[in-house]
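The values are calculated or read from the model by the stated rules, or taken from the named source; none is laboratory data. Since this is a predicted model, take the numbers as computed values, not measurements. Cβ coordinates were reconstructed from backbone atoms using ideal geometry, including for glycine residues, and neighbour counts include every protein chain displayed.
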Amino acid sequence: MSVPVTIRKRIGFVFFVAIFLLLAVMLRLVWIQFIQGENLRQKAFAARFRNVEVKAKRGIIYDTRGRPLAISVSTDSFYAIPAQVRKADKVKETAEKLAEILEMDKEKVQSLITKHQAFVWIKRHVPDEQAQKIKALKLKGINYVEEPERFYPKDKLLAHILGFAGMDNQGLYGIEVSYDKELSGKSGTIMVEYDARGQEIPDALQKYIPPEDGNNIYLTIDETIQYVVERELDKLFALRKPKKAGVIVMEVRTGRILAISARPNFDPNNYQDYDPAVWKNPMISDVYEPGSTFKPVTAAGALEEGIVKPEDRFYCHGYIKVGKEIMRCWRTGRPHGSQTFVEGIRNSCNPVFISVGLKMGTDVFYRYLNGFGFGQKTGIELPGEAYGLVVNKNRAKEIDLASMAMGQANAVTPIQLITAFSAIANDGYLMKPQIVKEIRDKDGNLIRTIEPEQVRQVISKKTSRTMLDILETVVSEGTGKNAYIEGYRVGGKTGTAQKIIPGGGYSTSEYIGSFIGVAPTNDPKIAVLVVVDSPEGVYYGGTVAAPVLKEIVKDTMRYLQVPAQVEPDKITPKTTTVEMPNIVGSDVTNAVKQLENLKLQANVVGEGTQVKAQLPLPGSEIHQAGNVIIYTSIPAEGGNPESVVVPDLTGKTVGEVREITKLLNLNFVLKGSGYVVKQDPEPGLLVPVGTKITVNMEKPIPHELEPAGP
């Protein structure tokens, strides 16, 4: 029996529909399995697993000798799995306990732990005492993970350079942000398997991908020199109360920064407690008119070009006329008169530098301005460096050239100025300032060494040598006498500049006092810049900044074991002594003559005409030129009419001991040579004037570590 055509058509239609549907299903399977398969597997994996990020420890930041300045410590951070918290049915109780321990708002904690999220942080970097209390409670749905937290063991030391890292282990300021990629490392992950209701599956698959800790950074900074700098800055702030102040110590031959600091300061462990304006490092980001500390740049360029010679003579009337303008010398009341170029530098005479600048002309002056790096970034490895401000050459007039030659009109950063000054001392070679010495991995293996980088030679070695000799006379005979250090040849330049008023013009009440120096001038090791912004009272650079530089250079030279360069008789005094005669009862006039014949200094106390008492006592041994106190009256109670407190002479040189004891009318006996290590009587005791202090001196023992070097 044959099948009707209609039925055959229907069967055929059903067959083709079935084939089509089968092909569609097959294509769908192919699409899902082969094209979307990996994506769907990832989604399924994500639905089953919860990832908890494990932060890597940031690398350690060390000083040049391997002393840690920034480290990472492990702390516990607590998080919640809201689905588990809700399932435990103790939301309110859990929130109350957590809030009490963590000192948080209860409602806020409850809101966090019941969010419709798979994972939520409750509090990160929890103190250990609180963390232990929470762990002991074993709260359902509350877990923790160890996270590294940045810690700065030296507190405020080097704060502006180190900067700080944030909650998520990211660098936010200073070296922490400049070298964030090197320091941060790579985070790890903890993956835990959960069921469809958000419950952790017992004995289920858990995967741990460990973090890779960051690399370690070694700075060029020497912690000991940094301590010296910060100590002197603190003393300066207490004494002069400036608005701001800063110091940079640079290794002349390499451009490496040995110390750098500024005030006001902050603690990077609690950076959020400070005004963000304090985070900024003014030594690389602030600009100011350098005043006379810029004059060595003008002098170096003029000498190099042969525009002026050291013996050329100038005349200072107290002012100089430039076009229609009258520009005055800082010493208008007593003009310097006739002087050589060297004397002009020593006296910091404005008319001399204005005359020299005008002789140089715009093209030559700008060649050296640009050559020494002004108006450009130095390239130091720190964020926020400023370019400085330089008068546009195409618009520079004669009056601008005159102003620039003596350190006005242009604004520089402290790092630019000390870099240029170091080039003058470094045979004319300009070095790129360097703050990072090398990078090592967490196991100490060397990854990269950052070598000193020579930018260019700006002046010749001969001009450099001439400038060092001239700058030394500024300290030994000129305006920089307060930076003089017995035993070390120091060269430098003072600077006192009016502050620029925002919007234009100069302040008549606020000044920036500064001093820039180099030591020793015969073999330059370090250059130091001290900048003091708006000190109270006296503001001259030679008064407020030079003494700071003196103490920094003196202690740094000793620390680096740079030998003193003085004659033997200045290190070890003559040992000629005389026996103290008995002058009690003598006429005062005759007694004074008798002492003068013995080359002793007589100090008469009282108005009488006859000697009633003496110090030292008769028969005592006393050095020639020692002080003898002659008393012409005795108090009713007996004893001596005057007394002084014994000073602390520890660490002082012979010259310093002599100066201090002479000032206090005390005598001294030296044993040994070098620096004072012990004294008798002890500091702080009240003794009669004329008392003899025995000081034991020893030569410095070499430091256990080698001096910093290239």
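Some observations on this one:
- Only one of Ile248, Ile217, Ile225 that is modelled with pLDDT of 95 or more, farther than 30 Å from Ile354 by Cα and out of contact with any Ser or Thr (no Cβ under 7 Å at 6 or more places or on another chain): Ile217
- In the range 472-504, the residues that are among the aliphatic types (A, V, I, L, M), under 25 Å from the mean Cα position of the chain (by Cα) and part of a helix (DSSP H, G or I): Val475, Ala483
- Exactly one residue out of Arg65, Arg50 is modelled with pLDDT of 85 or more, outside any helix (DSSP H, G or I) and of a type in the set (Lys, Arg): that is Arg65.
- Residue that is among the basic types (Lys, Arg) and modelled with pLDDT of 80 or more, where the choices are Lys612, Lys574, Lys570, Lys599: Lys599
- Taken across the range 380-398, residues that are in a helix (DSSP H, G or I) and in contact (Cβ under 8 Å) with a residue 24 or more places away in the chain do occur, with at least one present.
- Put simply, of Lys359, Lys324 the only residue that is at pLDDT below 90, surrounded by fewer than 23 Cβ atoms within 10 Å (Cβ to Cβ) and not assigned by TED's automatic domain parsing to the domain that holds Ala159 is Lys324.
- Criterion violated by Gly619 - all others in (1) at pLDDT 70 or above; (2) at negative phi satisfied: (2)
- Some residue of the range 137-153 being modelled with pLDDT of 85 or more, touching a Gly at 6+ places or on another chain (Cβ under 6 Å), surrounded by fewer than 18 Cβ atoms within 10 Å (Cβ to Cβ) and within 22 Å of Asn215 (Cβ to Cβ): no
- Here Pro310, Pro290 are screened, and the one residue that is within 22 Å of Phe515 (Cβ to Cβ) and in contact (Cβ under 8 Å) with a residue 40 or more places away in the chain is Pro290.
- Any hit, the range 550-559, residues being farther than 30 Å from Tyr288 by Cα, part of a helix (DSSP H, G or I), at pLDDT below 75 and touching an Asp or Glu at 6+ places or on another chain (Cβ under 9 Å): no
- Those residues of the range 48-106 which are in contact (Cβ under 8 Å) with a residue 40 or more places away in the chain and of a type in the set (Asp, Glu), in sequence order: Glu53, Asp63, Asp76
- Any chance Leu236 is of a type outside the set (Ser, Thr, Tyr), under 22 Å from Thr479 (Cα atoms) and either out of contact with any strand residue (DSSP E or B) (no Cβ under 6 Å at 6 or more places or on another chain) or in contact (Cβ under 8 Å) with a residue 24 or more places away in the chain (or both): yes
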